[in-house]
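Below is one structure; the comments refer to it alone.
The values are calculated or read from the model by the stated rules, or taken from the named source; none is laboratory data. Computed from a predicted structure; not experimentally measured. Virtual Cβ from ideal backbone geometry, glycine too; neighbours counted across all protein chains shown. Quick note on the areas: whole protein, heavy atoms, side chains included, nothing else; ligands and nucleic acids left out. Shrake-Rupley method; radii C 1.70, N 1.55, O 1.52, S 1.80 Å.
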Amino acid sequence: MQFEVWAKGLATLNVDCVVLGVFEDGELAEEGQSADSASGGYLKKVLARGDFSGRSGETLLLTDISGMTATRALLTGLGSRKSFGRKSWRRSLGHAITAISKTRIASIAVALDRPPAKEVDDYYFGRIVGEVVGSTLYRVNDLKTNKKPKAVALQKVVAGPVRKAGIEDAERGLAHGQAVSSAASLQRDLANLPANVCTPTYLGDQARALAKQYTSLRVQVLDEAAIKKEKMGCLLAVSQGSHEAPRFIVLEHRAGKSDSPPVVLVGKGVTFDTGGISLKDPGGMDEMKFDMSGAAAVMASMSLVAKLRLPMRVIGLIAAVENMPSGHAVKPGDIATSAAGLTVEILNTDAEGRLILCDALNYARRFSPAAVVDIATLTGACVIALGHHHSGAFGNNDDLVRELVEAGVRADDRAWHMPLTEEYADQLKSNFADFANVGGREGGAITAAAFLGKFTQGLKWAHLDVAGTAYQGGAQKGSTGRPTPLLADFLIHRAGL
Ligand code: BES
Ligand code: MN
Ligand code: ZN
């Protein structure tokens, strides 16, 4: 996809179609007015007939327009003028791209009226256009044999209007938005794969392939023997019930001042979570193929920092295992010794994410990181607490958590700061080991975070529980690509770009 910015002269832009906004009162938004006069009042005549309401979600393609270089116009509902802002604009843009994708239109000028500058500046204008075009055109990598989707004709998007002084910012935004959407697509592709394809070994191979693609990336994939050498007893306890071998992946990006302490991202990569001996109910268990979404988000973020050559050091750690019941599986009451040396009584084998993450977080220590952020579909309790709109953000450093929350607001990929005070850790007491891996139903997302907190003392650490946000069920079942936009914004900001 080719992206450009336009500043003025909508009527003379050399594109197939202009995308215009219409408010609910049936009034053409500002950019539409100029197109209307160029076309000799044709657009207003159409609207006067009352065939188009301007409600959000509605689009109408007009053809054979004269007086403009573009011969087509897509009227796009912007909803009510009063509530028009970042959110409704973003949504309308998505609807417009969906409508365009069903046609043979190869190039468009986006000329929807822009939300107020304090809501969307020139950089985020470009960023959102780049992102929305990419995410709207995303197609699930399904394995259907006789239903190949038609290729999308759209090749070029020219976005505006942008005043002269803002062109550079908008262009940078477009480039970043494109990078964010292709990173999110990578997350979605990986997470949407079935667990018989996307195994820990597969994730290791994909990490190697990614490192081949970018010179700034280096990769190391630890196999079971190497993981044993690292004494990752908790990770191995989860993995031992499966025929699939575990992998521990280390991806490193270095550019610019590469001696500075790195940001370390840690991803939960449970390629399938049956619950183990503490077996899950069958209903909806297929969704546990998404239990590697954290790992996929780390892979996606590493691809983004490499693609944008962010001048910083970023390390991605992925703990990849499959959680299965079997004659070799770990049993409730078994005690494992973590790489940190602390012992854990595994009271529930379905609380496996924290077990693999505690060993991964301990591995992060060797890099003396500036910050460590783990990303995990960790608890059903987080879905109960926050639903599907916010990821849960926890940590032992409020500034770092706030930094992530703010990145989420800017990226329209929001997270909510959850409490993590010391009293929650009391629920993890065990009579037989240093801790139990579960702390009862109450505050389940927080006690899971508190467990990780036991292994991150002295680190600047935050934890994103994305169980409710990384994928969706129902008719639209599939990966959402979250929280890659949040992580991308966090990293781009840290890099000072
Ligand atoms: N992968 C699940 C968490 C999950 C649940 C993600 C629902 C997405 C949707 C995790 O490994 C898990 O099973 N957690 C348990 C913890 C419990 C045993 C303390 C849970 O949430 O039920
Ligand atoms: Mn589980
Ligand atoms: Zn899990």
(message) Scan segment 38-46 and tell me whether some residue there is surrounded by 17 or more Cβ atoms within 10 Å (Cβ to Cβ), modelled with pLDDT under 95 and in a loop (DSSP other than H, G, I, E, B).
(response) yes
(request) Would you please list the contacts, defined by Cβ atoms under 8 Å and residues six or more apart or on different chains, that run from a residue in segment 257-276 that is closer than 14 Å to Val372 by Cα and in a loop (DSSP other than H, G, I, E, B) to a residue that is of a type outside the set (Asp, Glu) and open to solvent by less than 10 Å² (accessible area, probe 1.4 Å)? (result) Pro262/Val314; Pro262/Ile315
(message) Criterion first (more than 25 Å from Gln476 (Cβ to Cβ) and out of contact with any helix residue (DSSP H, G or I) (no Cβ under 7 Å at 6 or more places or on another chain)) does Thr145 satisfy it?
(response) no
(request) Show the residue pairs that are 6+ apart or on different chains and have beta-carbon atoms under 8 Å apart, the first residue being within segment 448-460 and in a helix (DSSP H, G or I), the second being basic (Lys, Arg) and crowded, with 18+ Cβ neighbours inside 10 Å. (result) Ala448/Arg354; Phe451/Arg354; Leu452/Arg354
(message) So if I check each of Arg91, Arg114, which one is open to solvent by 10 Å² or more (accessible area, probe 1.4 Å) and in a loop (DSSP other than H, G, I, E, B)?
(response) Arg114
(request) Could you grab me the full set of residues in segment 176-202 that are open to solvent by 10 Å² or more (accessible area, probe 1.4 Å) and of a type in the set (A, V, I, L, M, F, W, C)? (result) Ala184, Leu186, Leu193, Ala195, Val197
(message) With touching a residue at least 24 places away in the same chain (Cβ under 8 Å) and closer than 19 Å to Ala450 by Cβ as the only criterion, which of Ala329, Ala336 stands out?
(response) Ala336
(request) Residue by residue through segment 242-256, note down the ones that are in a loop (DSSP other than H, G, I, E, B), modelled with pLDDT of 95 or more and open to solvent by 10 Å² or more (accessible area, probe 1.4 Å). (result) Ser242, His243, Glu244, Ala245
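Let's see how each residue does on (1) outside any loop (DSSP other than H, G, I, E, B); (2) within 30 Å of His493 (Cβ to Cβ); (3) under 26 Å from the mean Cα position of the chain (by Cα):
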position	(1), (2), (3)
Lys150	no, no, yes
Ile167	yes, yes, no
Val180	yes, yes, yes
Leu190	yes, yes, yes
Pro194	no, no, yes
Arg208	yes, yes, yes
Lys212	yes, yes, yes
Thr215	no, yes, yes
Ala226	yes, no, no
(request) Could you identify the single residue in Asp434, Asp398, Asp426, Asp412 that is under 22 Å from Thr349 (Cβ atoms) and either open to solvent by 40 Å² or more (accessible area, probe 1.4 Å) or modelled with pLDDT of 95 or more (or both)? (result) Asp434
(request) Being surrounded by fewer than 20 Cβ atoms within 10 Å (Cβ to Cβ) and within 16 Å of ligand 2 (Cβ to nearest atom) is the filter here, so list the residues in segment 368-380 that pass it. (result) Gly380
(message) Residues to consider are Ala470, Ala448; find the one that is under 20 Å from Glu131 (Cα atoms), within 16 Å of ligand 3 (Cβ to nearest atom) and not polar (S, T, N, Q).
(response) Ala470
